[in-house]
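Notes to accompany the following structure.
The values are calculated or read from the model by the stated rules, or taken from the named source; none is laboratory data. Keep in mind that what you see is a predicted model, and the values were worked out from it rather than measured. No Cβ is skipped: glycine too gets one built from the backbone with ideal geometry, and neighbour counts run over all protein chains shown.
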Amino acid sequence: MRSQAIRRCNPIIVCALLLAPLTAISGITAAPATGAMAQAATPAAIADYRRKLNAYQEARAAFEEEAGAYWNAIADKRRIRNARRRDHQPVTLDDYVLVQPPLYDGPKQPVNPEPEEERPPRQRKYIPVVADLLKAAAEQFQFVPQRPASEMDFKRAYARLARAYGLTREQAVRIYSFETGGNGNHDMQSGLSASRPGSRAISTAIGYNQLLTTNSVELLAEQGHDILRALGAKAARLSGSQRGAMERKIAVVRRMAAYARSVPDTWSAHEKLADTPKGWAIHALVLDIDVGPLLQTHKLLTSIIFARNKGYTRPLTAAELEMMNLTGDGTGLDMVTMPQAMRERVPTANFFQRRGYERNPVAIRHNTVAKLLAVTDARMDSNSAKPGARELAAAF
């Protein structure tokens, strides 16, 4: 069996894909004051600030101790579940933390009335966008993705492949509806919107299933043989200049696949490779009308195969498959295989790292497995009625 690294999505990234993150909990530091407030500081104001700061620090320290113990318990229970599954032992309610995580409800951090040394603004890591991917593909592999003449052409190509590989229309359309809001194009990138001037990419996730750069590298490394086989079969049905163009594309994809396999078959190794010009070039394949639908299809298919190999033979609902698509197959299957009675009681915190959970308002509000699956289904229901989703359904 191939490496399971492809199934290991970072929960922190997942949170960013679900909704814009909440403000992360900061350390115990004093907020700087500026302008007139700093100039107007009096001994009384300074004394009041120090009293409030002391109260805040004490409350925050007590909370951090409680929260640290909670999240340590979450990690311990996760290790126990993994060990039980490796030993083919049943997982029960006792293998989960059944109380909700503590929430800080103490005093707010006070504003320091005294001037403080200004700190340089934190530099955001640059997130490549479609233009960067196209530039990298041209420079690194002398490749230009073949874009569809229309969005419907891409949807037809995706639907044809998804159905041939065993995905159902319900799975494909509802996941598209959830990931893109029901109207996304093949080149839609997370965070960017034509209706929001000045919007910024929040991740490298692109397309109907919102593949990250690491997903593209991983898929090409692990599924490259099948992708090349499918492209070769298509080339055999072509002739003349079209066949020549396809054969040149196959040669590029073969070189890209070799590069993707040049590192160990782990998520961390592929993540490092993905954050290079050649990795960006590989990610440009999601835009190609021949390769993009194959990558999108394999991303979902690997989850279905993973569940089947673990003995889960019941067809996955779209919401269940989305949990595996978002959180990674191991974590997703943990939720999917849970009986309904357990889903009602197990908090969603069991499936997150602390930082990811605290930045995810969806998981916090819908704080059990049953509620999280229900809100996913509800969003799929509403978005499936939008024009883009109806077009994809028609393509099937």
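Of note:
- Helices (runs of 4 or more DSSP H) contained in the stretch 237-332 and holding at least 2 residues touching a Cys at 6+ places or on another chain (Cβ under 7 Å) and either outside the structural domain of R160 (by TED's automatic domain parsing) or not basic (K, R) (or both): 318-327
- Residues in the stretch 289-304 that are among the charged types (D, E, K, R) and either surrounded by 24 or more Cβ atoms within 10 Å (Cβ to Cβ) or touching a strand residue (DSSP E or B) at 6+ places or on another chain (Cβ under 9 Å) (or both): K299 only.
- Among the candidates R119, R124, R50, residue that is surrounded by fewer than 17 Cβ atoms within 10 Å (Cβ to Cβ), modelled with pLDDT under 95, within 25 Å of the chain's Cα centre (by Cα) and farther than 30 Å from P347 by Cα: R124
- Here N209, N215 are screened, and the one residue that is in the same structural domain as A318 (by TED's automatic domain parsing), touching a helix residue (DSSP H, G or I) at 6+ places or on another chain (Cβ under 8 Å) and assigned to a loop (DSSP other than H, G, I, E, B) is N209.
- Condition check for S195: touching a Gly at 6+ places or on another chain (Cβ under 7 Å), part of a loop (DSSP other than H, G, I, E, B), without any contact (Cβ under 8 Å) to a residue 12 or more places away in the chain and small (G, A, S): no
- Listed conditions (1) closer than 30 Å to K52 by Cα; (2) modelled with pLDDT of 95 or more are all met by P113, apart from (2).
- Cross-chain or 6+ apart pairs with Cβ under 6 Å, the stretch 76-96 first and closer than 15 Å to F351 by Cβ, then of a type in the set (S, T, Y) and surrounded by 12 or more Cβ atoms within 10 Å (Cβ to Cβ): K77/Y96
- Total residues in the stretch 242-269 satisfying the condition of being out of contact with any Phe, Trp or Tyr (no Cβ under 9 Å at 6 or more places or on another chain) and either closer than 17 Å to I289 by Cα or of a type outside the set (S, T, Y) (or both): the figure is 18.
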